[in-house]
Amino acid sequence: MTSLHPNDVASVKDIHPDNLPEARHEHYSTALNKLVDETDTTEGGTHDISKTILTPGHTVHSHPWLGKYIPGLERFASKHHVGNFVVVRETREQFFESMPIYARLGMHLLFCGKLESALVKTKIVEDQLREQSIKEGVVFDSLASVASIPSFIETYSLEIGELLVQDIKAGYKKLKHGVRPVQNADNPRTFCSAADCRLTVFENITDACKFWVKGRQFTFPELLAPSAGVETHLDVPHVSVFENASLAIFRLAPADYHRFHSPADVIVGDVVDVEGQYYTVNPQAVNEPGFDVFTANRRSILYLTHELTGRPIAFVAIGALLVGSIHFTVKKGDKVKKGEELGYFAYGGSTVITVFPERMIKFDGDLVEASKEPIETLMKVWDMLCHRSQYKLQPT
(Lines give C-alpha, C1' and ligand atoms only; values in the text may rest on other atoms or scores of the structure.)
Protein backbone atom coordinates (compact mmCIF):
# COMPACT_ATOMS: atom_id res chain seq x y z
CA MET A 1 0.00 0.00 0.00
CA THR A 2 1.08 3.63 -0.43
CA SER A 3 1.05 4.71 3.20
CA LEU A 4 2.81 7.35 5.26
CA HIS A 5 3.53 7.61 8.96
CA PRO A 6 1.40 10.38 10.56
CA ASN A 7 4.60 12.26 11.48
CA ASP A 8 5.39 12.57 7.78
CA VAL A 9 2.02 14.11 6.95
CA ALA A 10 2.35 17.83 7.50
CA SER A 11 -0.92 19.05 5.99
CA VAL A 12 -4.00 17.05 4.97
CA LYS A 13 -6.55 18.57 2.63
CA ASP A 14 -9.96 17.31 1.56
CA ILE A 15 -10.95 17.77 -2.07
CA HIS A 16 -12.40 21.29 -2.34
CA PRO A 17 -12.98 23.81 -5.16
CA ASP A 18 -10.47 26.17 -3.56
CA ASN A 19 -7.63 23.61 -3.85
CA LEU A 20 -6.90 24.46 -7.48
CA PRO A 21 -8.73 27.69 -8.32
CA GLU A 22 -7.23 27.96 -11.83
CA ALA A 23 -8.27 24.47 -12.94
CA ARG A 24 -11.39 23.93 -15.00
CA HIS A 25 -13.49 20.90 -15.86
CA GLU A 26 -11.63 20.27 -19.12
CA HIS A 27 -8.27 20.13 -17.29
CA TYR A 28 -9.40 17.30 -15.01
CA SER A 29 -11.22 15.53 -17.83
CA THR A 30 -8.22 15.56 -20.17
CA ALA A 31 -5.85 14.43 -17.41
CA LEU A 32 -8.03 11.45 -16.46
CA ASN A 33 -8.36 10.34 -20.08
CA LYS A 34 -4.61 10.65 -20.57
CA LEU A 35 -3.82 8.60 -17.46
CA VAL A 36 -6.12 5.79 -18.59
CA ASP A 37 -4.65 5.89 -22.10
CA GLU A 38 -1.15 5.55 -20.63
CA THR A 39 -2.05 2.16 -19.11
CA ASP A 40 -2.67 0.67 -22.57
CA THR A 41 0.76 -0.52 -23.66
CA THR A 42 -0.61 -1.76 -26.99
CA GLU A 43 -1.22 1.89 -27.88
CA GLY A 44 2.09 3.34 -26.75
CA GLY A 45 1.40 3.44 -23.00
CA THR A 46 3.77 2.54 -20.17
CA HIS A 47 4.17 -0.48 -17.90
CA ASP A 48 5.09 1.87 -15.04
CA ILE A 49 1.79 2.17 -13.16
CA SER A 50 3.27 4.80 -10.83
CA LYS A 51 3.04 7.19 -13.79
CA THR A 52 -0.55 6.30 -14.74
CA ILE A 53 -3.88 6.00 -12.89
CA LEU A 54 -2.25 4.57 -9.76
CA THR A 55 0.15 7.44 -9.17
CA PRO A 56 0.20 7.76 -5.36
CA GLY A 57 -1.13 11.09 -4.16
CA HIS A 58 2.03 12.03 -2.26
CA THR A 59 4.18 11.67 -5.43
CA VAL A 60 2.01 13.80 -7.73
CA HIS A 61 4.29 16.82 -7.39
CA SER A 62 7.10 14.87 -9.11
CA HIS A 63 4.98 13.32 -11.89
CA PRO A 64 6.68 13.91 -15.27
CA TRP A 65 3.72 15.46 -17.09
CA LEU A 66 0.52 15.60 -15.00
CA GLY A 67 1.15 19.17 -13.86
CA LYS A 68 1.08 20.31 -17.49
CA TYR A 69 -2.58 19.32 -17.71
CA ILE A 70 -3.83 20.73 -14.38
CA PRO A 71 -2.76 24.28 -13.44
CA GLY A 72 -1.44 24.54 -9.89
CA LEU A 73 -1.41 20.79 -9.19
CA GLU A 74 2.34 20.45 -8.62
CA ARG A 75 2.42 23.43 -6.27
CA PHE A 76 -0.56 22.18 -4.25
CA ALA A 77 0.69 18.57 -4.10
CA SER A 78 4.11 19.67 -2.83
CA LYS A 79 2.50 21.33 0.21
CA HIS A 80 -0.46 19.11 1.05
CA HIS A 81 -1.49 15.47 1.23
CA VAL A 82 -4.84 14.12 0.06
CA GLY A 83 -6.01 10.82 1.50
CA ASN A 84 -7.34 9.11 4.61
CA PHE A 85 -6.17 7.91 8.00
CA VAL A 86 -6.62 4.19 8.77
CA VAL A 87 -6.06 2.33 12.07
CA VAL A 88 -4.28 -1.02 12.38
CA ARG A 89 -6.50 -3.30 14.45
CA GLU A 90 -3.79 -5.21 16.28
CA THR A 91 -1.73 -2.22 17.42
CA ARG A 92 -4.28 0.65 17.25
CA GLU A 93 -1.62 2.67 15.43
CA GLN A 94 -2.80 4.99 12.68
CA PHE A 95 -1.24 5.51 9.27
CA PHE A 96 -2.06 7.85 6.39
CA GLU A 97 -3.04 6.31 3.06
CA SER A 98 -2.52 8.52 0.02
CA MET A 99 -5.40 8.77 -2.42
CA PRO A 100 -4.41 7.43 -5.87
CA ILE A 101 -4.54 10.06 -8.56
CA TYR A 102 -7.47 8.53 -10.46
CA ALA A 103 -9.75 8.78 -7.41
CA ARG A 104 -8.58 12.32 -6.82
CA LEU A 105 -9.33 13.37 -10.40
CA GLY A 106 -12.72 11.67 -10.24
CA MET A 107 -13.59 13.76 -7.20
CA HIS A 108 -12.27 16.96 -8.76
CA LEU A 109 -14.52 16.31 -11.76
CA LEU A 110 -17.51 15.96 -9.47
CA PHE A 111 -16.89 18.72 -6.96
CA CYS A 112 -14.36 21.24 -8.30
CA GLY A 113 -13.60 23.55 -11.18
CA LYS A 114 -15.83 26.17 -12.78
CA LEU A 115 -18.64 23.99 -14.16
CA GLU A 116 -19.00 21.01 -11.87
CA SER A 117 -21.83 22.24 -9.66
CA ALA A 118 -23.99 22.15 -12.77
CA LEU A 119 -22.52 18.93 -14.10
CA VAL A 120 -22.91 16.54 -11.18
CA LYS A 121 -26.50 15.73 -12.05
CA THR A 122 -25.98 15.64 -15.80
CA LYS A 123 -24.60 12.97 -18.06
CA ILE A 124 -21.36 14.78 -18.92
CA VAL A 125 -19.22 13.68 -15.97
CA GLU A 126 -21.13 10.45 -15.45
CA ASP A 127 -20.61 9.37 -19.05
CA GLN A 128 -16.89 10.04 -18.85
CA LEU A 129 -16.46 8.07 -15.63
CA ARG A 130 -18.42 5.16 -17.09
CA GLU A 131 -16.50 5.22 -20.38
CA GLN A 132 -13.08 5.32 -18.73
CA SER A 133 -14.04 2.63 -16.18
CA ILE A 134 -15.11 0.21 -18.90
CA LYS A 135 -12.04 1.06 -20.97
CA GLU A 136 -9.68 0.41 -18.04
CA GLY A 137 -11.39 -2.90 -17.38
CA VAL A 138 -10.60 -4.01 -20.92
CA VAL A 139 -6.96 -2.93 -20.57
CA PHE A 140 -6.38 -4.79 -17.29
CA ASP A 141 -8.22 -7.85 -18.59
CA SER A 142 -5.75 -8.15 -21.45
CA LEU A 143 -2.62 -10.31 -21.43
CA ALA A 144 -0.57 -7.19 -22.09
CA SER A 145 -1.32 -6.00 -18.56
CA VAL A 146 0.84 -8.81 -17.13
CA ALA A 147 3.95 -6.80 -18.01
CA SER A 148 2.83 -4.10 -15.54
CA ILE A 149 2.87 -6.50 -12.58
CA PRO A 150 6.48 -5.77 -11.43
CA SER A 151 5.74 -2.05 -11.34
CA PHE A 152 2.48 -2.69 -9.48
CA ILE A 153 4.27 -4.78 -6.86
CA GLU A 154 7.01 -2.17 -6.42
CA THR A 155 4.69 0.84 -6.27
CA TYR A 156 2.48 -0.70 -3.59
CA SER A 157 5.21 -2.70 -1.77
CA LEU A 158 3.13 -5.85 -2.13
CA GLU A 159 3.98 -9.00 -0.22
CA ILE A 160 3.53 -11.67 -2.89
CA GLY A 161 4.41 -14.72 -0.81
CA GLU A 162 0.72 -15.39 -0.17
CA LEU A 163 -0.29 -15.14 -3.82
CA LEU A 164 -0.61 -17.68 -6.59
CA VAL A 165 1.84 -16.09 -9.02
CA GLN A 166 0.09 -17.44 -12.10
CA ASP A 167 -3.03 -15.55 -11.08
CA ILE A 168 -1.53 -12.13 -10.34
CA LYS A 169 -3.25 -10.53 -13.31
CA ALA A 170 -4.58 -7.04 -12.69
CA GLY A 171 -6.17 -6.78 -9.23
CA TYR A 172 -7.94 -10.11 -8.92
CA LYS A 173 -5.13 -12.48 -7.99
CA LYS A 174 -5.77 -15.51 -5.76
CA LEU A 175 -4.31 -16.46 -2.40
CA LYS A 176 -2.40 -19.70 -1.96
CA HIS A 177 -4.46 -22.38 -0.27
CA GLY A 178 -3.98 -22.44 3.50
CA VAL A 179 -1.79 -19.32 3.83
CA ARG A 180 -4.40 -17.59 5.97
CA PRO A 181 -6.67 -19.77 8.10
CA VAL A 182 -10.24 -18.60 8.66
CA GLN A 183 -10.45 -17.50 12.28
CA ASN A 184 -12.92 -19.59 14.31
CA ALA A 185 -13.81 -21.52 11.16
CA ASP A 186 -15.66 -24.25 13.07
CA ASN A 187 -17.83 -21.88 15.12
CA PRO A 188 -21.02 -21.10 13.13
CA ARG A 189 -21.92 -18.27 15.53
CA THR A 190 -19.01 -16.11 14.37
CA PHE A 191 -18.63 -13.95 11.25
CA CYS A 192 -15.47 -13.06 9.33
CA SER A 193 -14.23 -10.24 7.15
CA ALA A 194 -15.32 -10.64 3.54
CA ALA A 195 -12.17 -9.05 2.08
CA ASP A 196 -8.79 -7.45 2.56
CA CYS A 197 -10.12 -4.00 3.26
CA ARG A 198 -10.51 -0.85 5.28
CA LEU A 199 -13.58 -1.58 7.40
CA THR A 200 -16.37 0.34 9.09
CA VAL A 201 -19.28 -1.36 10.89
CA PHE A 202 -22.53 0.03 12.20
CA GLU A 203 -25.22 -1.54 14.37
CA ASN A 204 -27.91 0.33 12.45
CA ILE A 205 -28.27 2.62 9.47
CA THR A 206 -28.84 5.65 11.71
CA ASP A 207 -25.30 5.31 13.06
CA ALA A 208 -23.95 4.73 9.54
CA CYS A 209 -25.45 8.03 8.38
CA LYS A 210 -24.42 9.88 11.53
CA PHE A 211 -20.76 8.89 11.44
CA TRP A 212 -19.86 7.89 7.88
CA VAL A 213 -22.27 7.83 4.91
CA LYS A 214 -23.52 11.34 4.21
CA GLY A 215 -25.61 10.76 1.06
CA ARG A 216 -29.23 11.88 1.19
CA GLN A 217 -30.53 8.58 -0.21
CA PHE A 218 -28.65 6.07 1.93
CA THR A 219 -31.47 3.81 3.09
CA PHE A 220 -31.86 0.05 2.81
CA PRO A 221 -34.68 0.36 0.25
CA GLU A 222 -32.47 2.59 -1.91
CA LEU A 223 -29.38 0.39 -1.49
CA LEU A 224 -31.15 -2.91 -2.17
CA ALA A 225 -33.38 -1.52 -4.95
CA PRO A 226 -36.18 -4.09 -4.40
CA SER A 227 -37.99 -3.06 -7.58
CA ALA A 228 -35.08 -4.44 -9.65
CA GLY A 229 -35.66 -7.91 -8.20
CA VAL A 230 -39.41 -7.72 -8.71
CA GLU A 231 -39.02 -6.64 -12.33
CA THR A 232 -36.85 -9.66 -13.12
CA HIS A 233 -39.06 -12.08 -11.14
CA LEU A 234 -36.22 -13.13 -8.85
CA ASP A 235 -36.76 -14.85 -5.53
CA VAL A 236 -35.47 -12.17 -3.16
CA PRO A 237 -36.53 -11.31 0.40
CA HIS A 238 -38.75 -8.31 0.99
CA VAL A 239 -36.75 -5.25 1.97
CA SER A 240 -38.70 -5.01 5.24
CA VAL A 241 -36.68 -8.04 6.44
CA PHE A 242 -33.72 -5.66 6.75
CA GLU A 243 -35.45 -3.03 8.86
CA ASN A 244 -33.09 -2.06 11.73
CA ALA A 245 -30.36 -4.17 10.13
CA SER A 246 -26.64 -3.95 10.90
CA LEU A 247 -24.09 -3.34 8.15
CA ALA A 248 -20.40 -3.76 7.46
CA ILE A 249 -18.66 -1.66 4.79
CA PHE A 250 -15.55 -3.30 3.30
CA ARG A 251 -13.56 -0.81 1.18
CA LEU A 252 -11.00 -2.46 -1.09
CA ALA A 253 -8.09 -0.26 -2.14
CA PRO A 254 -6.52 -0.67 -5.62
CA ALA A 255 -3.58 -2.74 -4.32
CA ASP A 256 -5.75 -5.12 -2.30
CA TYR A 257 -6.54 -8.74 -2.98
CA HIS A 258 -9.74 -8.15 -4.97
CA ARG A 259 -11.64 -11.36 -4.32
CA PHE A 260 -14.44 -11.35 -1.78
CA HIS A 261 -15.58 -14.17 0.49
CA SER A 262 -18.56 -15.27 2.51
CA PRO A 263 -18.73 -13.88 6.07
CA ALA A 264 -20.61 -16.99 7.31
CA ASP A 265 -21.86 -20.46 6.36
CA VAL A 266 -24.52 -19.71 3.75
CA ILE A 267 -26.64 -20.97 0.88
CA VAL A 268 -26.40 -18.88 -2.29
CA GLY A 269 -29.54 -17.25 -3.65
CA ASP A 270 -30.36 -14.94 -6.54
CA VAL A 271 -28.36 -11.96 -7.79
CA VAL A 272 -30.01 -8.60 -8.48
CA ASP A 273 -28.05 -6.30 -10.81
CA VAL A 274 -28.69 -2.57 -10.44
CA GLU A 275 -27.43 -0.18 -13.10
CA GLY A 276 -25.79 3.02 -11.94
CA GLN A 277 -22.82 5.33 -11.92
CA TYR A 278 -19.06 4.81 -11.54
CA TYR A 279 -18.25 7.32 -8.80
CA THR A 280 -15.16 6.80 -6.65
CA VAL A 281 -15.88 5.04 -3.34
CA ASN A 282 -13.05 6.84 -1.55
CA PRO A 283 -14.14 7.96 1.94
CA GLN A 284 -13.93 11.61 0.96
CA ALA A 285 -16.73 11.00 -1.55
CA VAL A 286 -18.74 8.80 0.83
CA ASN A 287 -18.40 11.46 3.57
CA GLU A 288 -19.44 14.31 1.26
CA PRO A 289 -22.73 15.76 2.60
CA GLY A 290 -25.63 15.22 0.22
CA PHE A 291 -23.64 13.18 -2.30
CA ASP A 292 -24.90 9.66 -2.94
CA VAL A 293 -22.28 7.04 -3.80
CA PHE A 294 -23.42 3.61 -2.64
CA THR A 295 -27.03 4.07 -3.75
CA ALA A 296 -26.08 5.75 -7.03
CA ASN A 297 -23.34 3.40 -8.22
CA ARG A 298 -23.74 0.26 -10.27
CA ARG A 299 -24.02 -2.74 -7.96
CA SER A 300 -24.83 -6.44 -7.79
CA ILE A 301 -26.73 -7.75 -4.78
CA LEU A 302 -26.18 -11.40 -3.93
CA TYR A 303 -28.74 -12.79 -1.49
CA LEU A 304 -27.47 -15.42 0.92
CA THR A 305 -29.31 -17.58 3.45
CA HIS A 306 -27.50 -17.91 6.78
CA GLU A 307 -27.42 -21.64 7.46
CA LEU A 308 -27.56 -21.39 11.25
CA THR A 309 -30.62 -19.14 11.42
CA GLY A 310 -32.29 -19.48 8.03
CA ARG A 311 -32.34 -15.69 7.74
CA PRO A 312 -31.19 -13.67 4.69
CA ILE A 313 -27.98 -11.68 4.30
CA ALA A 314 -27.65 -9.11 1.51
CA PHE A 315 -24.13 -9.08 0.04
CA VAL A 316 -23.85 -5.88 -2.01
CA ALA A 317 -20.86 -5.65 -4.37
CA ILE A 318 -20.56 -2.04 -5.49
CA GLY A 319 -18.81 -0.94 -8.65
CA ALA A 320 -16.70 2.20 -8.68
CA LEU A 321 -14.47 4.43 -10.77
CA LEU A 322 -12.27 2.18 -12.96
CA VAL A 323 -13.99 -0.98 -11.70
CA GLY A 324 -15.16 -2.39 -15.00
CA SER A 325 -17.05 -5.43 -13.75
CA ILE A 326 -18.25 -7.54 -10.81
CA HIS A 327 -17.96 -11.33 -11.09
CA PHE A 328 -19.59 -13.95 -8.85
CA THR A 329 -17.96 -17.38 -8.84
CA VAL A 330 -20.87 -19.15 -7.13
CA LYS A 331 -24.35 -20.06 -8.35
CA LYS A 332 -27.79 -20.31 -6.81
CA GLY A 333 -28.12 -23.30 -4.49
CA ASP A 334 -24.42 -23.60 -3.68
CA LYS A 335 -23.53 -24.16 -0.04
CA VAL A 336 -20.59 -21.94 0.87
CA LYS A 337 -18.60 -22.24 4.06
CA LYS A 338 -17.46 -19.21 6.03
CA GLY A 339 -14.45 -17.70 4.28
CA GLU A 340 -14.97 -19.42 0.93
CA GLU A 341 -14.91 -17.32 -2.22
CA LEU A 342 -18.00 -15.62 -3.61
CA GLY A 343 -16.47 -13.58 -6.44
CA TYR A 344 -14.13 -10.73 -7.43
CA PHE A 345 -13.88 -7.19 -8.80
CA ALA A 346 -12.07 -6.28 -12.03
CA TYR A 347 -10.41 -3.73 -11.46
CA GLY A 348 -9.73 -0.74 -9.15
CA GLY A 349 -10.85 0.33 -5.68
CA SER A 350 -14.27 -0.98 -4.77
CA THR A 351 -16.61 -1.76 -1.88
CA VAL A 352 -18.76 -4.56 -0.46
CA ILE A 353 -21.57 -3.83 1.98
CA THR A 354 -23.03 -6.74 3.90
CA VAL A 355 -26.46 -6.19 5.43
CA PHE A 356 -27.34 -8.44 8.39
CA PRO A 357 -30.91 -8.61 9.76
CA GLU A 358 -31.51 -7.17 13.19
CA ARG A 359 -29.98 -9.22 16.03
CA MET A 360 -28.07 -11.60 13.77
CA ILE A 361 -24.61 -10.19 14.54
CA LYS A 362 -22.93 -8.29 17.34
CA PHE A 363 -19.83 -6.62 15.91
CA ASP A 364 -16.68 -6.64 18.02
CA GLY A 365 -16.51 -3.53 20.19
CA ASP A 366 -13.18 -2.25 18.86
CA LEU A 367 -14.60 -2.15 15.31
CA VAL A 368 -17.73 -0.32 16.44
CA GLU A 369 -15.80 2.29 18.41
CA ALA A 370 -13.33 2.97 15.59
CA SER A 371 -16.22 3.45 13.15
CA LYS A 372 -17.79 6.03 15.44
CA GLU A 373 -14.52 7.97 15.75
CA PRO A 374 -14.83 7.76 12.67
CA ILE A 375 -11.86 5.93 11.18
CA GLU A 376 -11.55 2.81 9.06
CA THR A 377 -9.86 -0.31 10.46
CA LEU A 378 -7.35 -2.21 8.33
CA MET A 379 -8.58 -5.81 8.03
CA LYS A 380 -7.54 -9.03 6.30
CA VAL A 381 -10.01 -11.42 4.74
CA TRP A 382 -11.05 -14.04 7.34
CA ASP A 383 -10.32 -11.80 10.33
CA MET A 384 -13.21 -11.83 12.79
CA LEU A 385 -16.05 -9.31 12.72
CA CYS A 386 -17.71 -11.01 15.66
CA HIS A 387 -15.70 -13.35 17.90
CA ARG A 388 -18.64 -14.38 20.03
CA SER A 389 -22.23 -13.54 19.22
CA GLN A 390 -23.98 -11.94 22.19
CA TYR A 391 -27.36 -12.44 20.58
CA LYS A 392 -29.45 -15.58 20.84
CA LEU A 393 -29.60 -16.93 17.33
CA GLN A 394 -32.99 -18.40 16.53
CA PRO A 395 -34.12 -19.72 13.11
CA THR A 396 -37.05 -17.73 11.78
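Tabulated values for the structure
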| item | result |
| --- | --- |
| Segment 245-396: C-alpha gyration tensor shape, a/c 1.5 cut-off, then a/b vs b/c | oblate |
| Dipole axis of the chain (+1 Lys, Arg; -1 Asp, Glu on Cβ), positive-most option in 23, 384, 85 | 384 |
| Label-point separation, residue 238 to residue 341 (7 Å along Cα→Cβ), nm | 3.8 nm |
| Separation in nanometres of the label points that stand 7 Å from Cα toward Cβ, at residue 131 and residue 46 | 2.4 nm |
| Segment 187-251: C-alpha gyration tensor shape, a/c 1.5 cut-off, then a/b vs b/c | oblate |
| Simple Cβ-charge dipole of the chain, Lys/Arg +1 and Asp/Glu -1, about Cα centre, in debye nearest 20 | 380 debye |
| Carbon and sulfur %, accessible surface of segment 254-388 computed with the full protein complex present, 1.4 Å | 45 percent |
| Per-residue SASA entry for residue 334, accessible area with 1.4 Å probe, Å² rounded to 10 | 40 Å² |
| Full-extension gain in nm, residue 88 to residue 358, via 0.36 nm per residue minus C-alpha separation | 94.4 nm |
| Accessible area expressed per residue, the chain, with surrounding protein chains retained (probe 1.4 Å, Å²) | 41 Å² |
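The values are calculated or read from the model by the stated rules, or taken from the named source; none is laboratory data. The structure presented is a predicted model; accordingly, all values stated were derived computationally and were not measured. Using ideal geometry, Cβ is built from the backbone for each residue, glycine included, and neighbour counts are taken over all protein chains shown. Surface areas here come from the heavy atoms of the whole protein model, side chains and all, with no ligands, DNA or RNA. Shrake-Rupley method; radii C 1.70, N 1.55, O 1.52, S 1.80 Å.
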